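In what follows, a single structure is set out as structure tokens and then discussed.
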Amino acid sequence: MAIWVKELTGRSAAAGLVFFAYAAGSLLSPLGGVLADRLPRRPLLICSNLIAAGLVLLIIGVHDRAQIWLIYLVTFLYGVIGSAIGPAQTALLPSLVPKDLLAEANGAQQTMNEGLRLIIPIVGAGLFVLWGGAVVAEIDAATFLVAAASLVALRVDEPKPERNSSAGDQGGQFAAGFRFISRDPVLRSITIALGLSMLVFGFTESALFSVVTVGLRHSASFVGLLMTTQGVGAVGGGLSAAVILRHISECMMTAMALALAAATALLLTLPSVVSVLAGMVLAGIVIPWVSVAAITAIQRRSPAALLGRVSGAFGLGLTVPQVLSVGLGAALIAVVNYRALLVAIAVVVTVAAVFLVSRAETRRRIVDVPSAVAGTAGEADGAGPSTIAA
């Protein structure tokens, strides 16, 4: 969609607003979490995919600059739909696999996601050039229909959602995910560390072009090779994540990922193609390590009745600082040397990693968390989940 807007307007800023529109829609993840806990998750996912299929078809009506608002609207609503799909998917997974295989399941999903990201953007851009945005929208709609059909065929025994008809309690139910994270030392520490890191991670969106054009003296198109290199690292990260989580805690794995992120930022400051490519491989590993560690921690530690809201609250806790850092990075790159921004990233994420390692409760590997499957929302509002340390 960003390519489409760029072609219609010739303005990079207008294309950049597409990403902002999607991020704005993603800010509704806490609401998506409430839906994932109040409605049966499989039917919710089926309905969300069907709605998304119809939604993307709206952009077939875009023919010139006068209809650009429709692209922004669809992109925003695309983010809103994702705010429901993400928490529902995270909450449904523990009903599909045993607790001791959650890390493997999340790792497999991340490996598939990152593997597809190696080819799908290129395929989508190629289809757009050959046949235009309408054809891409039709293909995209078909993929949502396939997802819905797969979910219809899925057989799963998921717990019944809680029914709470008290209108006065709706605000408290909406905030239940935030409360649970604040009371659980592991989830709280991961959220703080990643939220702090996201405040600077967005700088790379602007700095990467300077790394290529100023540091390496290549054309901006060389960024494409860097993103492919990052994708290769991401596949490796997805394949290795579950293996690592068998031996260390989710917090320690997150700290390891942040240490790699700091190394990535420093490698990108060097005017060497080899160093930059090595840094992008590390950057690729960081993404699935963080995702698998965080999602697995949420699934293991959250009561079944709260999984959607905890996932939604966690998503918002990362999305807000990420959006802010992207905007701040775009402003700073005009007045600050890109190497200074990269060093700032390295310093901040190192602080976040040290914060995780320094806390005794986050270093322990949790073998079993009974409340993750058997707990209830009422229990979550009381004492924290019981844990057994390895």
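Being hydrophobic (A, V, I, L, M, F, W, C) and closer than 20 Å to residue 306 by Cβ is the filter here, so list the residues in the stretch 56-102 that pass it.
If the condition is that a residue be hydrophobic (A, V, I, L, M, F, W, C) and closer than 20 Å to residue 306 by Cβ, then 84, 85, 88, 91, 92, 93, 96, 97, 102 are the ones that fit.
Being in contact (Cβ under 8 Å) with a residue 12 or more places away in the chain, surrounded by 24 or more Cβ atoms within 10 Å (Cβ to Cβ), of a type in the set (A, V, I, L, M) and farther than 27 Å from residue 336 by Cα: is that true of residue 232 here?
Considered against the rule, which asks whether it is in contact (Cβ under 8 Å) with a residue 12 or more places away in the chain, surrounded by 24 or more Cβ atoms within 10 Å (Cβ to Cβ), of a type in the set (A, V, I, L, M) and farther than 27 Å from residue 336 by Cα, residue 232 comes out as no.
Only residues that are buried (at least 24 other Cβ atoms within 10 Å of the Cβ) and either more than 19 Å from residue 26 (Cα to Cα) or touching a Leu at 6+ places or on another chain (Cβ under 8 Å) (or both): list them for the stretch 305-337, please.
Passing the criteria: 306, 308, 310, 312, 314.
Report whether or not residue 248 is of a type outside the set (Phe, Trp, Tyr), at pLDDT below 95 and not in a helix (DSSP H, G or I).
yes
Of the residues that make up the stretch 339-355, is at least one within 15 Å of residue 190 (Cβ to Cβ), at pLDDT 90 or above and among the basic types (Lys, Arg)?
No, the stretch 339-355 has no match at all.
Across the stretch 193-209, which residue is surrounded by the fewest Cβ atoms within 10 Å (Cβ to Cβ) among those that are in contact with a Phe, Trp or Tyr (Cβ under 8 Å, 6 or more places away or on another chain) and modelled with pLDDT of 85 or more?
In this case the residue turns out to be 196.
In the stretch 146-160, which residues are surrounded by 15 or more Cβ atoms within 10 Å (Cβ to Cβ) and under 25 Å from the mean Cα position of the chain (by Cα)?
Passing the criteria: 147, 148, 151, 158.
Can you name the number of the only condition in (1) without any contact (Cβ under 8 Å) to a residue 60 or more places away in the chain; (2) crowded, with 24+ Cβ neighbours inside 10 Å; (3) under 30 Å from residue 360 (Cα atoms) that residue 260 fails?
The number of the failed condition is (2).
Quick grid of which residues meet (1) surrounded by 21 or more Cβ atoms within 10 Å (Cβ to Cβ); (2) in contact (Cβ under 8 Å) with a residue 40 or more places away in the chain; (3) touching a Phe, Trp or Tyr at 6+ places or on another chain (Cβ under 6 Å):
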residue: 4; (1), (2), (3): no, yes, no
residue: 17; (1), (2), (3): no, yes, no
residue: 32; (1), (2), (3): yes, yes, no
residue: 42; (1), (2), (3): no, yes, no
residue: 45; (1), (2), (3): yes, yes, no
residue: 56; (1), (2), (3): yes, yes, no
residue: 62; (1), (2), (3): yes, yes, no
residue: 67; (1), (2), (3): no, no, no
residue: 77; (1), (2), (3): no, yes, no
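Suppose we keep only residues that are out of contact with any helix residue (DSSP H, G or I) (no Cβ under 6 Å at 6 or more places or on another chain) and of a type in the set (Val, Ile, Thr) within the stretch 136-151. Which one would you say is farthest from residue 41 (Cα to Cα)?
Looking at residues that are out of contact with any helix residue (DSSP H, G or I) (no Cβ under 6 Å at 6 or more places or on another chain) and of a type in the set (Val, Ile, Thr), I get 139.
What tally of residues in the stretch 39-71 results from selecting those that are within 18 Å of residue 82 (Cβ to Cβ) and either under 18 Å from the mean Cα position of the chain (by Cα) or part of a helix (DSSP H, G or I) (or both)?
20
Only one of 167, 141 is surrounded by 12 or more Cβ atoms within 10 Å (Cβ to Cβ), among the aliphatic types (A, V, I, L, M) and either at pLDDT below 80 or more than 28 Å from residue 284 (Cα to Cα) (or both); which?
Exactly one residue qualifies, and that residue is 141.
The values are calculated or read from the model by the stated rules, or taken from the named source; none is laboratory data. Computed from a predicted model, the values in this text were never measured in an experiment. Because the Cβ atoms are built from the backbone with ideal geometry, glycine has one as well, and the counts that use them run over all protein chains shown.
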